[in-house]
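The values are calculated or read from the model by the stated rules, or taken from the named source; none is laboratory data. Computed from a predicted model, the values in this text were never measured in an experiment. No Cβ is skipped: glycine too gets one built from the backbone with ideal geometry, and neighbour counts run over all protein chains shown. When the accessible area is computed, the model is the full protein with side chains, heavy atoms only, and any ligands, DNA or RNA have been set aside. Shrake-Rupley method; radii C 1.70, N 1.55, O 1.52, S 1.80 Å.
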Amino acid sequence: MRVVICGGGVIGACTAYFLARRRIDVTVVERLEVASCASGKAGGFLARDWCAGSALDALARRSFALHASLHEEIGSWSYQRVSAYSGLVVPDADKRRHAAAKLNWLSDGVLIGAELSTPETTAMVNPHAFTSGMMRAAEQHGARLRHGEVTGLVRRGDAVAGVEAGGETIAADAVVIALGPWSLRAAQWLRLPLVFGLQSPSLVYDTGTDVPAEALFLDWQGDSGETIGVEVFPRADGSTHIAALSSQGPLPMDPADVRPDPDGLKATQAICERISPAFRPERIVARQSCFRPVTQDGLPLIGPVPGSAGAYIATGHSVWGILNAPATGEALAELIAEGRARTTDLTPFDPARLRPLDPDQVRIA
Ligand SMILES: Cc1cc2nc3c(=O)[nH]c(=O)nc-3n(C[C@H](O)[C@H](O)[C@H](O)COP(=O)(O)OP(=O)(O)OC[C@H]3O[C@@H](n4cnc5c(N)ncnc54)[C@H](O)[C@@H]3O)c2cc1C
């Protein structure tokens, strides 16, 4: 069996790994570079039970366990267990009016509210290193990585028989659409529901050993009373990822054209400098922005595409794509190879649950 995976993000890389481990012939087609989009620019926070009570719970629990075992087996990326805390960043004038708990690496205006989790249930990976590491592991099991833009599908009757990429045809018995927010493009070729992208700017600091294994979910209160959520994610490799704002910029059709909004980055940097002396401007190693893939009901699409034998999709993981990639790849590999996902029930993520777009109405620049 030959499988072509469109997209070398975390979902494509993990799916390639679990297929290749079964000795299935796998080709990943990536337009830019592996992990060049959200999968390389995300925070990398993992939580075992923060999806409890939602349809994502089983996928998240299985993925959390797989992250630990994959790191033990392959381990070419940084992985550490962390505690997580909620808290408040208050304006300068308010500092003395609050008497709350503090973590000693934080500035005076950061007040810790609650311990949200312990290292037993939360962890951090470097998502770029994780995605690239999974792709390399897939290649060691025989998968191929091809650079090229997927521009269409090859069809044989109602079935999918391959992809058009970089001016060539790659024959396949099964095709997986894992193009992140660019999966919308595949709605021109297949009966797919809407997938869209939500943009966030972020900064990465080289903090060495100055930031302990403590993830923070802070509410920053501006001088005029507005509140912004700030996420501080320290990784074992000495980098700390901070994202503070979401913006609603339009998704450029070429992933290479994604650019951070300079005002958003400036505002994020100013917030970081209020949080800790560890976040000094000369320590910034990346100023970046990316789009996470989102669906209309907030749940991912994982499974067969209705009406096209051999076509599958795996996208729409929103804020939990790094966490949920391993169990997505594992279950999708089972579905493709054996006709049934055994390790995780994919029913809640069936693409058929949402109304497909009319391909003639999908306009891509
Ligand atoms: C700021 C931020 C922080 C985040 N933090 C976390 C976190 O802490 N924990 C967590 O679990 N999740 C987090 N996420 C979510 C996570 O990053 C995403 O859900 C995940 O990376 C999506 O992966 P993907 O493989 O679906 O898409 P992508 O990473 O977007 O990959 C899609 C790939 O397809 C390629 N492509 C596009 N068009 C074509 C084409 N025509 N032909 C060939 N290739 C093409 C692109 O170049 C890209 O490499 C965060 C997201 C953001 C934005």
Any residue that is within 12 Å of the ligand (Cβ to nearest atom) and either closer than 11 Å to V29 by Cα or among the small types (G, A, S) (or both) - is there at least one of those in segment 167-174? yes
Which of the residues belonging to segment 9-54 are near the ligand (Cβ under 6 Å from one of its atoms) and either closer than 17 Å to A311 by Cα or hydrophobic (A, V, I, L, M, F, W, C) (or both)? V10, I11, G12, V29, L32, C37, A38, A42, F45
Which residues, taken from segment 261-299, are in contact with a Lys or Arg (Cβ under 6 Å, 6 or more places away or on another chain) and either over 30 Å from N104 (Cβ atoms) or among the small types (G, A, S) (or both)? C290
Members of segment 6-15 found to be under 9 Å from V176 (Cβ atoms) and in contact with a strand residue (DSSP E or B) (Cβ under 6 Å, 6 or more places away or on another chain), listed by number: C6, I11, G12, T15
Scanning segment 183-242 residue by residue, those touching a helix residue (DSSP H, G or I) at 6+ places or on another chain (Cβ under 9 Å), of a type in the set (A, V, I, L, M, F, W, C), outside any strand (DSSP E or B) and open to solvent by 20 Å² or more (accessible area, probe 1.4 Å) turn out to be W189, L194
Where residues in segment 136-161 are open to solvent by less than 20 Å² (accessible area, probe 1.4 Å), under 26 Å from the mean Cα position of the chain (by Cα) and farther than 15 Å from I24 by Cα, which of them is farthest from the ligand (Cβ to nearest atom)? G152
Pairs, first over 16 Å from S36 (Cβ atoms) and free of Cβ contacts under 8 Å to residues at least 12 places away in the same chain in segment 3-18, second more than 10 Å from the ligand (Cβ to nearest atom) and open to solvent by 10 Å² or more (accessible area, probe 1.4 Å), C-beta under 6 Å, six or more apart: none
Between residues in segment 289-317 that are part of a strand (DSSP E or B) and residues that are among the basic types (K, R), which pairs lie under 8 Å by C-beta distance while being six or more apart or on different chains? S289/K41; S289/R259; C290/K41
Out of segment 7-42, which residues are open to solvent by 10 Å² or more (accessible area, probe 1.4 Å) and in a loop (DSSP other than H, G, I, E, B)? G9, R21, R22, R23, I24, R31, L32, E33, V34, S36, C37, A42
Please give the number of the condition N324 fails out of (1) within 29 Å of Q199 (Cα to Cα); (2) open to solvent by 10 Å² or more (accessible area, probe 1.4 Å); (3) in contact with a helix residue (DSSP H, G or I) (Cβ under 7 Å, 6 or more places away or on another chain); (4) among the polar types (S, T, N, Q). (2)
Take the residues in segment 266-313 that are farther than 25 Å from P250 by Cβ and basic (K, R); name whichever of them is most open to solvent (accessible area, probe 1.4 Å). R280
Taking the residues in segment 59-74 that are in contact with a helix residue (DSSP H, G or I) (Cβ under 8 Å, 6 or more places away or on another chain) and open to solvent by 20 Å² or more (accessible area, probe 1.4 Å) as candidates, determine which candidate is farthest from V211 (Cα to Cα). R62
Within segment 100-134, can you find the residues that are among the aliphatic types (A, V, I, L, M) and either in a strand (DSSP E or B) or open to solvent by 60 Å² or more (accessible area, probe 1.4 Å) (or both)? A101, V110, L111, I112, A114, L116, A123, M124, V125
Do the conditions hold for G180, that is, is it within 14 Å of the ligand (Cβ to nearest atom) and either farther than 25 Å from L203 by Cβ or open to solvent by 30 Å² or more (accessible area, probe 1.4 Å) (or both)? no
Positions within segment 249-265 being assigned to a loop (DSSP other than H, G, I, E, B) and either open to solvent by 30 Å² or more (accessible area, probe 1.4 Å) or within 11 Å of the ligand (Cβ to nearest atom) (or both), in sequence order: P250, L251, P252, M253, D254, V258, R259, P260, D261
Quick one: how many residues across segment 111-128 are within 16 Å of N324 (Cα to Cα) and among the small types (G, A, S)? 1
Among the candidates A161, A174, residue that is in contact with a Phe, Trp or Tyr (Cβ under 7 Å, 6 or more places away or on another chain) and not basic (K, R): A174
